[in-house]
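What follows is a short report on a single structure.
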Amino acid sequence: KLNEDGASGVVCINDGDTHNSPNEMVEAKYPVLVERFGLIDDSGGPGLHRGGLGIERVTQARGDFMVNTQIDRMHCAPWGLNGGGEATGNSVALRLGGEWKEDFPNAKVMTAFLKPGEAFRLRSGGGGGGFGVAIERDPELVRSDVEQSYVSVYSARNDYGVVIDRDSLQMDLEATRALRAEMTAAERAEPGDSPS
């Protein structure tokens with residue numbers, strides 16, 4: 001619908017390699033420990049209607065383990081519509097010897113061997129770009145998004161023009177109005193838009 005935010009954590013229910021299996025089932029079946037499985041803040045495209053969020057799963061090897069990923073769309077992120085921003089793309093990282101290796105040219109890791117305690121991290125791209133201009137989103141919805149960790153305080157300010165205190169998560173309505181007016185004026189004054 002055009003009046004709702006995007007769906008978060010969307011997975012395919014038909015393909016055998018993309019099921020959203022419970023962590024306990026994965027840990028019982030394979031020698032792994034799921035360290036984290038949750039939504040990624042700021043992964044959905046900003047907009048009047050925010051794009052859905054992607055999922056991050058960090059999986060630790062409990063024995064010798066081989067990783068092979070064939071992920072696409074690392075660089076071709078879900079785009080926004082009607083002024084909405086794009087979402088994040090897919091990504092993969094390996095924790096080897098206590099350090100994260102993230103500098104893969106794409107999200108494909110043909111063969112990597114993990115030792116016990118090492119891990120791999122998969123981040124699915126955002127569930128879609130934003131729809132509509134982000135600074136037109138109701139500031140209270142943005143504050144709620146920050147409170148639920150869907151949107152960071154940084155994104156609230158820089159993408160949505162909403163000023164939120166990092167500690168109390170309270171919105172400064174006057175500062176928000178002033179920032180949005182400034183962002184709107186800057187948008188209108190971009191080079192190439194003014195008459196010559």
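The values are calculated or read from the model by the stated rules, or taken from the named source; none is laboratory data. Since we're looking at a predicted model, the values are computed, not measured. Cβ: placed from backbone, ideal geometry, glycine included. Neighbour counts: every protein chain shown. Surface accessibility is based on the protein's heavy atoms, side chains included, excluding ligands, DNA and RNA. Shrake-Rupley method; radii C 1.70, N 1.55, O 1.52, S 1.80 Å.
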Filtered GluC sites (Glu not before Pro), the range 36-136: DSSP coil and at most 12 other beta carbons within 10 Å: 102
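What accessible area per residue, rounded to a whole number of Å², is obtained for the chain using a probe radius of 1.4 Å? Please list the in-between numbers first.
Numbers: 11740 Å² over 196 residues.
With all protein chains present, the chain gives 60 Å² per residue.
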Compactness of the range 76-196 - radius of gyration and Dmax, Cα, Å: 19.2, 65
Degrees separating the helix 173-188 axis from the principal Cα axis of the chain, which is the longest one: 90
Cut-off under 5 Å, modelled amide H: who pairs with residue 152 long-range: 42
Excluding exposed DSSP-loop trypsin sites (Lys or Arg not before Pro) (at most 16 other C-beta within 10 Å), longest clean stretch of the chain: 74-165
Karplus-derived 3J(HN,Hα), 6.51/-1.76/1.60, for each residue of the range 36-48, Hz, glycine and proline x: 8, 8, x, 6, 9, 5, 6, 7, x, x, x, x, 3
Residues with amide H under 5 Å from that of residue 114, placed H, sequence gap 5 or more: 65, 66, 67
Simple spin-label estimate for residue 62 and residue 26 in nanometres, 7 Å along Cα-Cβ: 1.4
